[in-house]
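Each remark here refers to the structure printed beneath this line.
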Amino acid sequence: MSALNSIIGSSPEAISLRNLIKTVGPSDATTLIMGDSGTGKELVAKALHDCSDRVGGPFIPVNCGAIPKDLLESELFGHRKGSFTGALADRKGRFQLADDGTLFLDEIGDMSMDLQVKLLRVLQERTIDPVGSSITIPINVRVVAATHKNLEQLISEGKFREDLFYRLNVMPLEISTLSNRKQDIPALVEHFAKEHAGSKHLPIRLNDASMTLFKDYSWPGNIRELSNLVSRYSALFPGTEIDLRR
């Protein structure tokens, strides 16, 4: 299943999101995806890549919040042997690995201010300088960034560069929370039940009362929470009908 078809649902929010991806995807413009944690920002980024002329190139994801800030520069731009302790060989960064494709910068709001300056220059000049190198390398990469944070608030607090925000926000795209598209829950449950069923069992099912409980729940963890819950029930009660009242 393509990434676009994996965006499940018939709600106005799901339909609007798929249509917007089809419109924005073919553009080479930098895109900023905004949405709460668990709403599927990486899936949307992959769908944008799949709808673009870069689909034959690599899709390289980077979680800016999961990599220590003193290593993120090397991770993004690469380094030369001996440029710092532990740099035992030349290494390409994610920008070079994503050449002719798409680089997905997740949790861009966690990036340090000094690295934001370097990222801004890369977006403006379309070149990178590996750590410890005097050679500038041209890149051909589409950048898609994502965040669950309010970047405009971070700008007002002096924690995010305003010029970088406008450079990233050329094509803004916002993902709705699951609580705002509850009519999609039955289709999502069916999708994840099939995904987590395995080869030996039929997918689990929810009875009507259980589905009502799912629809009444607020889902603070969004689609990721729903997927994880269906995965848990699939492991504990494979191939059965689930009754949450028991």
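If you sort 161, 142 by accessible surface, 1.4 Å probe, largest first, the order is 161, 142.
Under the simplified labelling scheme, the residue 69-residue 150 pair shows an inter-label distance of 2.2 nm, with each label point 7 Å from Cα along Cα→Cβ. Figure note: 195, 107 ranked by solvent-accessible area, largest first, 1.4 Å probe, ligands and nucleic acids not counted: 195, 107. Computed in the context of the full set of protein chains, the accessible area of the chain at 1.4 Å probe radius has 50% of its extent on carbon or sulfur. When 201, 196 are compared by accessible surface with a 1.4 Å probe, the order from highest to lowest is 201, 196. When Kirkwood radius over Cα pairs in Å is computed from the coordinates, the matching label among (i) 18.7; (ii) 17.4; (iii) 19.8 is (iii). Projecting the Cα atoms of 89, 130, 187 onto the charge dipole of segment 43-194, computed from C-beta unit charges around the Cα centre, puts 89 farthest toward the positive end.
Taking all protein chains together and rolling a 1.4 Å probe, residue 233 ends up with roughly 40 Å² accessible.
Computed with every protein chain present, the accessible area of residue 211 is close to 30 Å² [probe 1.4 Å].
About its Cα centre, segment 1-86 has a charge dipole of approximately 160 debye under the convention of +1 per Lys or Arg Cβ and -1 per Asp or Glu Cβ, with nothing else charged. Backbone phi angles across segment 57-65, fed through the Karplus curve with coefficients 6.51, -1.76 and 1.60 (θ = phi - 60°), yield HN-Hα couplings of x, x, 10, 10, x, 9, 8, 5, x Hz in residue order; Gly and Pro are listed as x. Helices in the chain, meaning DSSP H runs of at least 4 residues, each add -39500 (n - 2.57). Divided by all residues, the mean residue ellipticity at 222 nm is -11500 deg cm²/dmol. What pairs from 46/118; 69/149; 69/118; 69/159; 92/118 go past 20 Å between their alpha carbons? The answer is 46/118. Projecting the Cα atoms of 112, 101, 32 onto the dipole axis of segment 1-124, where Lys and Arg carry +1 and Asp and Glu carry -1 at the beta carbon, places 101 farthest toward the positive end. Subtracting the Cα-Cα distance of residue 137 and residue 211 from 0.36 nm times their residue separation leaves 21.2 nm of extension gain.
Here the chain carries DSSP beta bridges of which approximately 15% are antiparallel, counting only pairs with both residues inside. Using only side-chain charges placed at the Cβ, +1 for Lys and Arg and -1 for Asp and Glu, the dipole size of segment 132-246 relative to its Cα centre rounds to 280 debye.
Averaged over its residues, the chain has an accessible area of 50 Å² per residue, based on protein heavy atoms and a 1.4 Å probe. Backbone amide hydrogens, once placed in the peptide plane, bring residue 131 within less than 5 Å of 78, 79, 80, excluding anything fewer than 5 places away on its chain.
The values are calculated or read from the model by the stated rules, or taken from the named source; none is laboratory data. In this text the structure is predicted, and so the values were computed from the model without any measurement. Cβ coordinates were reconstructed from backbone atoms using ideal geometry, including for glycine residues, and neighbour counts include every protein chain displayed. For the accessible areas, the whole protein counts, side chains as well, though only heavy atoms, and no ligand, DNA or RNA atoms are used. Shrake-Rupley method; radii C 1.70, N 1.55, O 1.52, S 1.80 Å.
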